[in-house]
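A.B. asks: Below you will find the structure I want to go over with you.
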There are 2 protein chains.
Amino acid sequence: MSNVIEIAKKAKEASILALQMSTKIKNDALHKIADAININKNEIISANNLDLENAKLLLEKGEITQSAYNRLKLDENKLRDMIQGVKDIATLDDPINKIIWEKDLAQGINLKKVSCPIGVIGVIFEARPDVISQISALAIKSSNAVILKGGSEAEKTNTAIFNIITSALSKIDEFPKDIINLIYSRDDVKIMLDADKYIDLIIPRGSNSLVSFIKSNTKIPVLGHADGICHIYIDEFADVNKAIPIIIDAKCQYPSACNSVETVLVNRKIKDKVLPVLIKSLKENSVVINSDEEVKKEYSDDINAVVSDWHKEYGEKILSLKVVENIEEAISHINKFGSGHTDCILTENDLNAEKFMMFVDSSGVYKNISTRFADGFRYGFGAEVGISTNKTHARGPVGLEGLTIYKYKLSGNGDIVNDFTTGLKQFYK
Amino acid sequence: MSNVIEIAKKAKEASILALQMSTKIKNDALHKIADAININKNEIISANNLDLENAKLLLEKGEITQSAYNRLKLDENKLRDMIQGVKDIATLDDPINKIIWEKDLAQGINLKKVSCPIGVIGVIFEARPDVISQISALAIKSSNAVILKGGSEAEKTNTAIFNIITSALSKIDEFPKDIINLIYSRDDVKIMLDADKYIDLIIPRGSNSLVSFIKSNTKIPVLGHADGICHIYIDEFADVNKAIPIIIDAKCQYPSACNSVETVLVNRKIKDKVLPVLIKSLKENSVVINSDEEVKKEYSDDINAVVSDWHKEYGEKILSLKVVENIEEAISHINKFGSGHTDCILTENDLNAEKFMMFVDSSGVYKNISTRFADGFRYGFGAEVGISTNKTHARGPVGLEGLTIYKYKLSGNGDIVNDFTTGLKQFYK
């Protein structure tokens, strides 16, 4: 039996034992993890330095990007954030064993819908080693077992953090073993994706190509988003004074984030009022503008190119710009080329706002606010598993709740269905 | 472009238009469908007779089972149930546009989590033509578009019902076209399963092999259950007087239902008290008993065989029977061989009941009540989409809510993230 299958099987068994973890045990475990990371900072930094040495060679050869190198690098700030992140999750409400709904079905028959963990969660991530402590903490708090598969470029850092976490957990007698697992090899991913008997949910954290590959190669449900192609539509009733700062924020505040804007649609009726200021402001902020034939002709000096693919996530300071005839064209463009992530209308007209927010089929539909607000922390979830463009289970920024499902608990006193079909007993209305 | 892709694409477009259907329009549509089925009963029965003639030949040749033939056959009772089913769905609460949760994130920034339809639902079903009216009604009420793929053995009946439904809907001006679609050919299934660009959820209604085939052949989320291997565990603290009627009900009341019991586990400590009466009662109810070596030896005359596969759904009056040492062995047997559907403990000991209901990883965990209660109608949902053994999205009996997801609506007044990272503005705690 493959090592990964063996790990998955043990994780499944551990996930059953995890059902009995009290909130106190879980929070104690999180504090122990935070303390252990703090105490063993130097060990993590040393391991990270070894990974960085290798990565530097890859960077020089052009085999990894500077941003991948940056994500790999841990410093005091990132370690502090890792530790604080784990502590923060300890302060959140326990999402497990909550009675979501309850009903007496008939005399003596009580039905409860109770939240419970999903079971075993497989997390496949690239570069960022800080994911390990974050996902481990989320899994513990939600009583799930987790199998982490990190990138080979971070193997030494990942191993160091993993060993520190499991060693801290092993000192808690009541804490079930095998809840947190780490696997290494790229070959293991395929085995993991086939292990639908043991793994209940896959969460990919990384590039679009990673997410797409995973979705195409597993029967296991996948929680993730493949693209973040966010739009802002400037309606004919938009307030230009609000529009410019929102678009600059949505594009420039953190261009590589999935919730940054990629395409701005401008209503023809407001075009001449908004475009001169918008284009000027974008240029001042070093944003490269791609547009349509019409705008390119009119602002030839300021427009880089005519957009050939409206379904493109730039992830940097580049913006697609298009003139649309009306709100209907804007909605239809977004539903056609968007990725169902986050899309915004700028308008002072409530009916248009309502229309946009009803007909745009995205996880986040916004009015007069930057798309950058699409984030579990900003939504007040206290932690974020990721942002989902799924249309089942969990959509949009996903908090701890996304790692839970429910079971039905039904209690009777010797009750049989036959008594209800014969009419001897009746269900309550 | 394939015809099915064309239909899926139109269904996707229709699903956007469906977002504006008011509750009144949806309920009017349901009543019009119910009336149209009632008026055109004879047409449906005639079409059904043609399908039955063909099916009779297949039955004689042994190519279909008697029970498949029975499921295909529509009579006055089934038609009455179909009509009433559609009317009942009209009486349910509209599951769409409900504010699930709302929060002011900061001064002037309001976040709403609002229920919305999933989009396009593909339903693949066998035999039973009454599924068409039921699923169409559920889709309309939840503002989803639907693509129905029926079995070829029911093609004439399905077409008749589908034409009656779409003709009734075409008379409602405000009702979007292309919300209800029917496809025929077996070859279409593969194209449908590949159409993840247009179809958001697949619901299989039929045999285990159909469900397994679908799960293995699509990237689209699947809502369904592959098996219904339900257990009843007779604890050492069980009340034998309650146990016997519950087991007889769970096995005999409707043996082919997925919520009927397949395996009874008996605690060794109560074995001698319960087995003689249980075995006698099962025999009186014509239930064939398969068991383990120990029971077979002791009750050789009454036991049919030693069970070779504990992971088996009989679907008829056959029962697996096993002696276990303790509740832990019962729980572990169920988690190993069960299908995560519905499992029950019979006990008067509350701690054991709690333990069982916590550690058995099934959608329904029951105490002192027949497993046959696992049903959307009995749970008071008013309608049932199916029973799910998924551990994401929807689990257990699924009502209308299972056809919904949510979107986040965020309203601001020119707000940007940068003001919050610089500390100029603060989120509410």
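A.B. asks: Given the options B:Lys61, B:Lys78, B:Lys32, name the one that is under 24 Å from the mean Cα position of the chain (by Cα) and either over 30 Å from B:Ser411 (Cβ atoms) or not aromatic (Phe, Trp, Tyr) (or both).
C.D. replies: B:Lys78
A.B. asks: Take A:Glu6 and tell me if it is over 30 Å from A:Asp194 (Cβ atoms), surrounded by fewer than 16 Cβ atoms within 10 Å (Cβ to Cβ) and out of contact with any strand residue (DSSP E or B) (no Cβ under 9 Å at 6 or more places or on another chain).
C.D. replies: So A:Glu6 does not fit the description; no.
A.B. asks: Please pick out the residue among B:Glu174, B:Glu155 that is part of a loop (DSSP other than H, G, I, E, B), in contact (Cβ under 8 Å) with a residue 24 or more places away in the chain and more than 10 Å from every other protein chain (Cβ to nearest Cβ).
C.D. replies: That would be B:Glu174, the only listed residue that is part of a loop (DSSP other than H, G, I, E, B), in contact (Cβ under 8 Å) with a residue 24 or more places away in the chain and more than 10 Å from every other protein chain (Cβ to nearest Cβ).
A.B. asks: Check A:Met357 against each of (1) more than 8 Å from chain B (Cβ to nearest Cβ); (2) within 24 Å of A:Ile248 (Cβ to Cβ) and name the one condition it does not meet.
C.D. replies: If we test A:Met357 against (1) more than 8 Å from chain B (Cβ to nearest Cβ); (2) within 24 Å of A:Ile248 (Cβ to Cβ), just (1) comes out false.
A.B. asks: State yes or no: is B:Ala330 under 24 Å from B:Ser281 (Cα atoms), open to solvent by less than 20 Å² (accessible area, probe 1.4 Å) and part of a helix (DSSP H, G or I)?
C.D. replies: In short, yes.
A.B. asks: Applying the selection to segment A:288-323, what residues are assigned to a strand (DSSP E or B) and out of contact with any Ser or Thr (no Cβ under 9 Å at 6 or more places or on another chain)?
C.D. replies: Within segment A:288-323, A:Val288, A:Ile318 meet the criteria.
A quick yes/no check of all residues on (1) among the acidic types (Asp, Glu); (2) within 26 Å of A:Thr342 (Cα to Cα); (3) more than 14 Å from chain A (Cβ to nearest Cβ); (4) open to solvent by less than 10 Å² (accessible area, probe 1.4 Å):
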{"site": "B:Gly108", "(1), (2), (3), (4)": "no, yes, no, no"}
{"site": "B:Gly119", "(1), (2), (3), (4)": "no, yes, no, yes"}
{"site": "B:Val131", "(1), (2), (3), (4)": "no, no, yes, yes"}
{"site": "B:Ser167", "(1), (2), (3), (4)": "no, no, yes, no"}
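A.B. asks: Looking at segment A:314-335, which of its residues are touching a residue at least 12 places away in the same chain (Cβ under 8 Å) and closer than 19 Å to A:Lys391 by Cβ?
C.D. replies: Correct list: A:Ile331, A:Ile334, A:Asn335.
A.B. asks: Condition check: basic (Lys, Arg) and buried (at least 24 other Cβ atoms within 10 Å of the Cβ). Does A:Lys141 satisfy that?
C.D. replies: So A:Lys141 fits the description; yes.
A.B. asks: Is it true that B:Glu284 is assigned by TED's automatic domain parsing to the domain that holds B:Asp235, without any contact (Cβ under 8 Å) to a residue 12 or more places away in the chain and open to solvent by 20 Å² or more (accessible area, probe 1.4 Å)?
C.D. replies: Yes.
A.B. asks: Out of B:Ile247, B:Ile179, B:Ile172, B:Ile234, report the one residue that is within 25 Å of B:Asp130 (Cβ to Cβ) and buried (at least 17 other Cβ atoms within 10 Å of the Cβ).
C.D. replies: Within the list B:Ile247, B:Ile179, B:Ile172, B:Ile234, the selection yields B:Ile179.
A.B. asks: Here is a further query. Are any residues in segment A:189-239 of a type outside the set (S, T, N, Q), more than 13 Å from chain B (Cβ to nearest Cβ), closer than 30 Å to A:Thr263 by Cα and part of a helix (DSSP H, G or I), and if so, which ones?
C.D. replies: Correct list: A:Leu210 only.
A.B. asks: Conditions first: (1) of a type outside the set (Asp, Glu); (2) at pLDDT below 95; (3) part of a helix (DSSP H, G or I); (4) in contact with a Lys or Arg (Cβ under 6 Å, 6 or more places away or on another chain). A:Pro255 passes all but one, so which condition is the exception?
C.D. replies: (3)
A.B. asks: In segment A:312-327, which residues are modelled with pLDDT of 95 or more and either surrounded by 16 or more Cβ atoms within 10 Å (Cβ to Cβ) or closer than 30 Å to A:Ser207 by Cα (or both)?
C.D. replies: Once the filter is applied, which keeps residues that are modelled with pLDDT of 95 or more and either surrounded by 16 or more Cβ atoms within 10 Å (Cβ to Cβ) or closer than 30 Å to A:Ser207 by Cα (or both), segment A:312-327 yields A:Lys317, A:Ile318, A:Leu319, A:Ser320, A:Leu321, A:Lys322, A:Val323, A:Val324, A:Ile327.
A.B. asks: Something else now. If you check A:Ser15 against the conditions, is it within 27 Å of the chain's Cα centre (by Cα), open to solvent by less than 20 Å² (accessible area, probe 1.4 Å) and in the same structural domain as A:Leu148 (by TED's automatic domain parsing)?
C.D. replies: yes
A.B. asks: Still on this model: Which of the residues spanning segment B:387-422 are of a type in the set (A, V, I, L, M, F, W, C), more than 7 Å from every other protein chain (Cβ to nearest Cβ) and touching a strand residue (DSSP E or B) at 6+ places or on another chain (Cβ under 9 Å)?
C.D. replies: Those that are of a type in the set (A, V, I, L, M, F, W, C), more than 7 Å from every other protein chain (Cβ to nearest Cβ) and touching a strand residue (DSSP E or B) at 6+ places or on another chain (Cβ under 9 Å): B:Ile387, B:Ala394, B:Val398, B:Leu403, B:Phe420.
A.B. asks: Please work out which residue is surrounded by the fewest Cβ atoms within 10 Å (Cβ to Cβ), limiting yourself to segment A:196-213 and to residues that are in contact (Cβ under 8 Å) with a residue 60 or more places away in the chain and closer than 17 Å to A:Glu313 by Cα.
C.D. replies: Residue satisfying both the conditions and the ranking: A:Ser207.
A.B. asks: Looking at B:Ala29, B:Ala36, B:Ala14, which is the one that is in contact with a Pro (Cβ under 7 Å, 6 or more places away or on another chain) and part of a helix (DSSP H, G or I)?
C.D. replies: After applying the criteria, what remains is B:Ala14.
A.B. asks: For segment A:254-266, name all the residues that are of a type outside the set (D, E, K, R), under 23 Å from A:Val277 (Cβ atoms) and surrounded by 18 or more Cβ atoms within 10 Å (Cβ to Cβ).
C.D. replies: A:Ser260, A:Val261, A:Thr263, A:Val264, A:Leu265, A:Val266
A.B. asks: Taking segment A:18-36, which residues are open to solvent by 70 Å² or more (accessible area, probe 1.4 Å) and at pLDDT 95 or above?
C.D. replies: Hits for segment A:18-36 are A:Lys24, A:His31, A:Lys32, A:Asp35.
A.B. asks: Scanning for something small (Gly, Ala, Ser) and at pLDDT below 95, does segment A:138-150 turn up at least one residue?
C.D. replies: Yes, segment A:138-150 contains a residue that is small (Gly, Ala, Ser) and at pLDDT below 95.
A.B. asks: Looking at segment A:337-352, which of its residues are within 9 Å of chain B (Cβ to nearest Cβ) and either β-branched (Val, Ile, Thr) or farther than 12 Å from A:Ile232 by Cα (or both)?
C.D. replies: A:Thr342
A.B. asks: Another question, then. In segment A:37-74, how many residues are within 26 Å of A:Ala168 (Cα to Cα) and open to solvent by 60 Å² or more (accessible area, probe 1.4 Å)?
C.D. replies: 9
A.B. asks: Quick check on my filter: what residues within segment A:176-190 are hydrophobic (A, V, I, L, M, F, W, C) and at pLDDT below 95?
C.D. replies: If the condition is that a residue be hydrophobic (A, V, I, L, M, F, W, C) and at pLDDT below 95, then A:Ile183, A:Val189 are the ones that fit.
A.B. asks: Which pairs turn up if I take residues in segment A:364-379 that are within 26 Å of A:Ile327 (Cβ to Cβ) and within 7 Å of chain B (Cβ to nearest Cβ) and look for partners that are assigned to a strand (DSSP E or B) and aromatic (Phe, Trp, Tyr) with beta carbon separation below 7 Å, at least 6 apart in sequence or on another chain?
C.D. replies: A:Gly364/B:Tyr408
The values are calculated or read from the model by the stated rules, or taken from the named source; none is laboratory data. Model, not experiment: these values are computed from the prediction. Cβ atoms come from the backbone with ideal geometry, glycine included; neighbour counts cover every protein chain shown. Side chains are part of the model used for accessible areas, which takes the heavy atoms of the whole protein and leaves out ligands, DNA and RNA. Shrake-Rupley method; radii C 1.70, N 1.55, O 1.52, S 1.80 Å.
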